[in-house]
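The values are calculated or read from the model by the stated rules, or taken from the named source; none is laboratory data. From a predicted model like this one, the values you see are computed outputs, not experimental measurements. Neighbour counts are summed over all protein chains in view; Cβ atoms, including those assigned to glycine, are modelled from backbone coordinates with ideal geometry. For accessibility, only protein heavy atoms count, side chains too; no ligands or nucleic acids. Shrake-Rupley method; radii C 1.70, N 1.55, O 1.52, S 1.80 Å.
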Amino acid sequence: MAPLAALLLLLLAAAALAKPVEYHSFAATPLSPHPYTAAADDDVFGGSLAAAEGGAAAVRFRVVHRDAFAVNTTAAELLKHRLRRDKRRAARISKDAAAAAGGAAANGTSHGAGGGVAAPVVSGLAQGSGEYFTKIGVGTPATPVLMVLDTGSDVVWLQCAPCRRCYDQSGPVFDPRRSSSYGAVDCAAPLCRRLDSGGCDLRRRACQYQVAYGDGSVTAGDFATETLTFAGGARVARVALGCGHDNEGLFVAAAGLLGLGRGSLSFPTQISRRYGRSFSYCLVDRTSSAASSSGNLAGGSRSSTVTFGPGAVGASASFTPMVRNPRMETFYYVQLVGISVGGARVPGVAESDLRLDPSTGRGGVIVDSGTSVTRLARPAYSALRDAFRGAAAGLRLSPGGFSLFDTCYDLGGRKVVKVPTVSMHFAGGAEAALPPENYLIPVDSKGTFCFAFAGTDGGVSIIGNIQQQGFRVVFDGDGQRVGFAPKGC
């Protein structure tokens, strides 16, 4: 009996030493079933241009999710559309990554009839996929316009009059003929040569741009410089942008795009001499119980914001080095080294499945503002999902999944439940401990909640904006690092 007693003692000791599973208390409030109609866009932005603060030293402005412009739509319908856009964007990023890894010239040039130039760009943007908008002033006097913000794009552009072909946008189309600060870029100017490719209108000696997105959308016109204005007095002169007279597909409501990528023509790079090479954003939870139950899909009392300048890098952020992909220069890559569920690292989330190979451009993890749902390389996702299911064994699984989610729970009739914690671990010791609403989201008004991660076989993994909610995400170009500051909004 002595060996058996010893074995029992060892088992009891191991059980005593085993770390208990860590849980969050989670308020399981389903989506509101009531149709929602947004306020006018002046009300969405507080009746002004995007709020800028800090005078000449910094620019901080408000952004809103596109759902804030919904008309007579339920939260469930908005989610359905959002996931459909998300699928297109993630597929676009994966396709571009595969093309870049295969040696294709992602930023290559093709010359069309009449000397036109097509310059495809590496971008996650697909038709109608702009997720976050801000209002800025363009020109002198300033014309207020809605712009999509996107970390997966570099070129700044907007629709311009006269239109040969323009899609419907909110508000008037910018007319450069009425702006005293508009400046055409000469074909021989160094700025024109900074385009991946540049065309030239020989009659006017005007630099031409054309950006073609993967879904067939296109914007083309004059490459120029213009002054951008932010409420509160901040003005940024001589921002290089595309003044698009010929635009097809692209975005609903927005006048154009403010590219926040890593390229030489992105907005952060262009303003770096004045504000430094750092910016940050904080995105509020759009599907929280407070927002959904009140019908206020614009985000409740807190606001999503973007900050450029000294205030962008917060003291409370946990930082990881930026990783450079020489074949995909636009995107912000990081090294994700592991994920914990319930306080314990998941053994099957292997760093090798998530690492970028800089020699081929394959693999890696990007932080993206325009993708909603985090995608992980298939083996890593499967291990994470299984670990979460095991730790959440007390919750009732809902059969069949929902859209791209394969792990959903029936929490109908339950107000508060315990859910296992989830944390993402990055190179250099950085950690993002996710609040439960960042990984368990309501998908209907009946109480179905889904685990908001998905697997991908597309090579590149993506940390999406649902997982980023509530964090101030810092892109510190000066220090070549990415940071995560919890409760940063």
Which value, in Å² and to the nearest 10, is the accessible area of Ser304 when all protein chains are kept and the probe is 1.4 Å? 10
The stretch 149-257: trypsin sites (Lys or Arg not before Pro) in DSSP coil with no more than 11 other Cβ atoms inside 10 Å: Arg164, Arg203
List the residues of the stretch 162-193 whose backbone N lies under 20 Å from a point placed 7 Å from the Cα of Arg238 along the Cα-to-Cβ direction. 179-193
Equivalent ellipsoid semi-axes - Cα gyration tensor, the stretch 172-224, angstrom: 19, 17, 9
Portion, in percent, of the accessible area of the stretch 322-436 that falls on carbon or sulfur, probe 1.4 Å: 50
Rolling a 1.4 Å sphere over the protein heavy atoms, what is the accessible area per residue of the stretch 335-376, to the nearest Å²? 32
In whole angstrom, the spacing between the Cα centers of the stretch 179-214 and the stretch 448-489 equals 35
Grab the alpha carbons of the stretch 354-489, take their convex hull, and tell me the volume per residue in Å³. 132
Using protein chains only and a probe of 1.4 angstrom, how many square angstrom of Ser25 are accessible, to the nearest 10? 90
Using a Förster distance of 41 angstrom, determine the FRET efficiency expected from the C-beta separation of Asp410 and Arg378, and round it to 0.05. 0.95
Just to be sure I understand the model, the point goes 7 Å from the Cα along the line to the Cβ. What's the resulting Arg204 to Lys418 distance in nm? 6.8
For a Förster distance of 25 Å, can you work out the FRET efficiency between the beta-carbons of Ala427 and Ser359, rounded to the nearest 0.05? 0.85
How much length is gained if the chain between Arg178 and Arg193 is pulled fully straight, taking 0.36 nm per residue apart and subtracting their Cα-Cα distance, in nm to one decimal? 2.7 nm
